[in-house]
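Student: Below: one structure in structure tokens.
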Amino acid sequence: MTGTVAPKVRLGRTDLMVSPICFGTSGLGDMPATFGYSVSFERAAATVNAILDGPTTFIDLARIYGEGHGKERVGELFRIKEEGPAKAVGLAAGKVDMMTPLLSAWDFDALMTHNRFTLVNRNAEPMLDLAKAKGIAVMNAAPCASGVLAKGPVAFPRYAYQQANDAALEPIRRIEAIAARYQVPLGAAALQFSLRDKRVTSTVCGVTKPERVKETLDWARFPIPEAFWQEVATLPFATDDPEATRTHEKA
């Protein structure tokens, strides 16, 4: 795979340069209770190799993914690597009302928010403003709201990692209808909504299949007319926490 999505950008006030797309690996930990499907080790390995073969090799990983299975799987592909000192310190705690006071009090290099800055929800927007004012890099994860803004509400009627009702899916249907009229892939719209925001340093996109890596990069390059964004801007959006009612089941 050749070509770049966009030039690398500086991570906050650090000397680290990162790509505007980061690939998330939560699904590679095999978490069917969260994502609604299972992922084998072979599929996870093929997905990571597809990421490493591409122009964007920035990867997000946490020990909670699959209760450690995600880290084990990705780690298998990085075995005999030296352990080095941390070059940047970030914050990823989920709830905006929990993170904001910490960001105000401490000089983190980066923060990660997920599901809370998407086409249909702007719960994290004030936090993004605070981060920009303090020079903290923003990693915006789950721009597709855990999959529904990539696959569509018919094929994947889940929102923020849970089965979604009609009320949660209706805003997505409205955006899907506009995207169809402009012949814009729904996933491209969801991804570029995050990429085009100047407060966002890098957008974290979860992938669980090798072909999703190329698809994500293609979405990032897809030409979307300004008229589409102007029409989307007229739609209402939620500002509440989209995960307020989420139940955390074991993977």
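Student: Holding the Cα-Cα limit at 22 Å, pick out from K87/K134; K151/K209; K8/K151; K95/K132; K8/K87; K134/K198 the pairs that are longer than that.
Tutor: The answer is K8/K151.
Student: I'd like the Karplus ³J(HN,Hα) series for the stretch 178-185: coefficients 6.51, -1.76, 1.60, θ = phi - 60°, whole numbers in Hz, and an x wherever there's a Gly or Pro.
Tutor: Ordered by residue, 3J(HN,Hα) equals 5, 4, 5, 5, 8, 6, 10, x Hz.
Student: I need the calculated FRET efficiency for the pair D197 and T245, taking r as the beta carbon distance and R₀ as 30 Å, to the nearest 0.05. It would help to have the intermediate numbers written out before the result.
Tutor: Numbers: r = 26 Å, r/R0 = 0.88.
The computed FRET efficiency comes out at 0.70.
Student: Which residue fluctuates most in the GNM of the chain (Cα springs below 10 Å): R173, R116, R158?
Tutor: R173
Student: Another question, if that's okay. Between E211 and D107, what length comes free when the chain is fully extended (0.36 nm per residue of separation minus the Cα-Cα distance, one decimal in nm)?
Tutor: Stretched out fully, the E211 to D107 stretch lengthens by 33.6 nm.
Student: What 222 nm value per residue comes from the helices of the chain, counting each DSSP H run with n ≥ 4 as -39,500 (n - 2.57) and dividing by all residues, nearest 500 deg cm²/dmol?
Tutor: -10500 deg cm²/dmol
Student: Please work out whether the stretch 156-244 counts as rounded, prolate or oblate from its C-alpha gyration tensor, where a ≥ b ≥ c are the square roots of the eigenvalues and a/c under 1.5 means rounded, while otherwise a/b larger than b/c means prolate and anything else oblate?
Tutor: Because its axes are fairly even, with a/c under 1.5, the stretch 156-244 counts as rounded.
Student: Can you give me the long-range amide H partners of A137? Hydrogens built in the peptide plane at 1.01 Å from N, cutoff under 5 Å, separation of 5 or more residues or another chain.
Tutor: G12, R13, A110, L111
Student: Given H placed 1.01 Å from N in the peptide plane, which residues other than close sequence neighbours of M31 have an amide H under 5 Å from its amide H?
Tutor: Result for M31 returns V39.
Student: Same structure again: List every residue whose amide H lies under 5 Å from the amide H of C22, counting only residues 5 or more places away in sequence or on a different chain, with H placed 1.01 Å from N in the peptide plane.
Tutor: Amide H to amide H, under 5 Å and 5 or more residues apart or across chains, C22 pairs with T203, V204, C205.
Student: A follow-up question, please. Taking only Cα atoms and a 10 Å spring cutoff, compute GNM fluctuations for the chain and point out the largest among L235, L103, L119.
Tutor: Sorting by GNM fluctuation, first place goes to L235.
Student: Kindly write out, for the stretch 215-231 in residue order, the coupling ³J(HN,Hα) from the Karplus curve 6.51 cos²θ - 1.76 cosθ + 1.60 (θ = phi - 60°), rounded to whole Hz, with x marking Gly and Pro.
Tutor: Listing the rounded values in order: 4, 4, 5, 5, 4, 5, 8, 5, x, 10, x, 4, 4, 4, 5, 5, 6 Hz.
Student: While we're looking at this one, here's another question. Taking DSSP loops as anything outside H, G, I, E and B, show the longest stretch in the chain free of chymotrypsin sites (Phe, Trp or Tyr not before Pro) there with at most 12 other beta carbons within 10 Å. Could you put the intermediate results ahead of the total?
Tutor: Working: sites that count: Y37, F78, W106.
Looking at the chain, 107-251 is the longest stretch - no exposed chymotrypsin sites (Phe, Trp or Tyr not before Pro) with at most 12 other Cβ atoms within 10 Å.
Student: Here's a follow-up. In whole Hz, what ³J(HN,Hα) sequence does the stretch 141-153 give by Karplus (6.51, -1.76, 1.60; θ = phi - 60°), x for Gly and Pro?
Tutor: Values per residue, Gly and Pro as x: 9, 6, x, 9, 6, 6, x, 5, 7, 9, 9, x, x Hz.
Student: Rounded, prolate or oblate: pick one for the stretch 198-251, where a ≥ b ≥ c are the square roots of the eigenvalues of its C-alpha gyration tensor, a/c under 1.5 means rounded, and failing that, prolate if a/b is larger than b/c, else oblate.
Tutor: Oblate.
Coordinate-derived values only; no laboratory data. Only a predicted model underlies this, so the values are computations on that prediction, with no experimental measurement involved. Cβ: placed from backbone, ideal geometry, glycine included. Neighbour counts: every protein chain shown.
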